[in-house]
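Structure, as structure tokens:
The values are calculated or read from the model by the stated rules, or taken from the named source; none is laboratory data. It should be emphasised that the depicted structure is a prediction, and the values quoted were computed from it without experimental measurement. Here the Cβ positions follow ideal geometry from the backbone for every residue, glycine too, while neighbour counts run over all protein chains shown.
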């Protein structure tokens, strides 16, 4: 535990699955006596305040929804452009929020990958800063490159080919989108321009935390040397929410259902849920559809299919037979902690890489969402329901996560930031 109360600024953005781990870390730090300010999109204000955090909104709910509703967000090439657009729009507001709340000598800045403003504040204001990467795909590696569709790099490619591909992606695609506006803002603060943003600059040179265990994604040896793996910070609002009575009655009324979720950020899941219902009917199995967007659901669901807006996965998934999900890192972690088989339906961003890692652990099968039909899903689900090998691998993952606390380990490293200046 730190010797004094710190002013800890947690800057993050994204879907609920991206936000929850930071809430878990912030909750742990607050229990240790530190003052926490959550700097995040406005839609997360109530969640932050319920945990006793101070809150600084960046952007409006409408700003977030505008980006999330863009169908190009899930396009293999155009999706990264939508994310970068959001990053740049919020660059100055995040920087101003951090600068305003900085208390020199008593502040630690903790930021998620895409809050580039925190790296700029680190350089300009000399704030001890910890970068947090939720997914292993955010680390570039020549030895073990991540699966970032459509840039598929195989480990057996010659190293020079892999290095060349990364350089081409930077020079041709990423830097032209990022550098003009980012460097213009840096110049307004008297900072020199930077390039190859996604290569090294995005990582704090002081400390980087990978919030996943080494058995899920072992370091290949060429990640930034200041990187520490903490394990999953398994937070899902179970401390402020629970399974409602109607859902409990459904769960108690029959065999464990198959749970389906495309992720809280997905705004175009009509086909997914239609196929999910039909797959359950083919199998004669109960199903549970989890979505905050009721308009995605088929009309007049049969009695063996139930839909819920939200339920803490730590309470729900252990009562399910299989979970079908998009492979966001938050859902992947909660599914591993539930100890049940998984059907991965990756779309874009970090999801294909997470799906690959789940496959290598033996806990899942993969069916990309573009091939997710009732019959293809039913065939994969039938295998998952019948396989003792997959069930044993899922149980092994559950055992590995027992008595681990990724939020506590992350909090330890964050506390050390100001003590040693890393």
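One line per residue, one yes/no per condition, for (1) at pLDDT 90 or above; (2) outside any helix (DSSP H, G or I); (3) surrounded by fewer than 18 Cβ atoms within 10 Å (Cβ to Cβ); (4) in the same structural domain as residue 119 (by TED's automatic domain parsing):
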| site | (1), (2), (3), (4) |
| --- | --- |
| 186 | yes, no, no, yes |
| 195 | yes, yes, yes, yes |
| 203 | yes, yes, no, yes |
| 212 | yes, yes, no, yes |
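Would you mind stating whether residue 347 is surrounded by fewer than 17 Cβ atoms within 10 Å (Cβ to Cβ) and either over 19 Å from residue 281 (Cα atoms) or over 18 Å from the mean Cα position of the chain (by Cα) (or both)?
So residue 347 does not fit the description; no.
When you go through 165, 161, 172, 132 one by one, which is the residue that is buried (at least 17 other Cβ atoms within 10 Å of the Cβ) and not assigned by TED's automatic domain parsing to the domain that holds residue 356?
Within the list 165, 161, 172, 132, the selection yields 132.
Here are some conditions: (1) without any contact (Cβ under 8 Å) to a residue 12 or more places away in the chain; (2) closer than 21 Å to residue 233 by Cα. Residue 336 meets all but one. Which one does it not meet?
Residue 336 satisfies every listed condition except (1).
Considering only residues that are in a helix (DSSP H, G or I) and modelled with pLDDT of 95 or more, look in the stretch 357-373 and name the one that is surrounded by the fewest Cβ atoms within 10 Å (Cβ to Cβ).
Checked the stretch 357-373; the qualifying residue surrounded by the fewest Cβ atoms within 10 Å (Cβ to Cβ) is 360.
Can you tell me which residue among 390, 414 is in the same structural domain as residue 122 (by TED's automatic domain parsing) and assigned to a helix (DSSP H, G or I)? Walk me through how you get there before you give the answer.
On the way: 390 fails: in the same structural domain as residue 122 (by TED's automatic domain parsing).
Going through 390, 414 in turn, the sole match is 414.
Could you check how many residues of the stretch 361-387 are touching a residue at least 40 places away in the same chain (Cβ under 8 Å) and either over 15 Å from residue 336 (Cα atoms) or not assigned by TED's automatic domain parsing to the domain that holds residue 277 (or both)?
11
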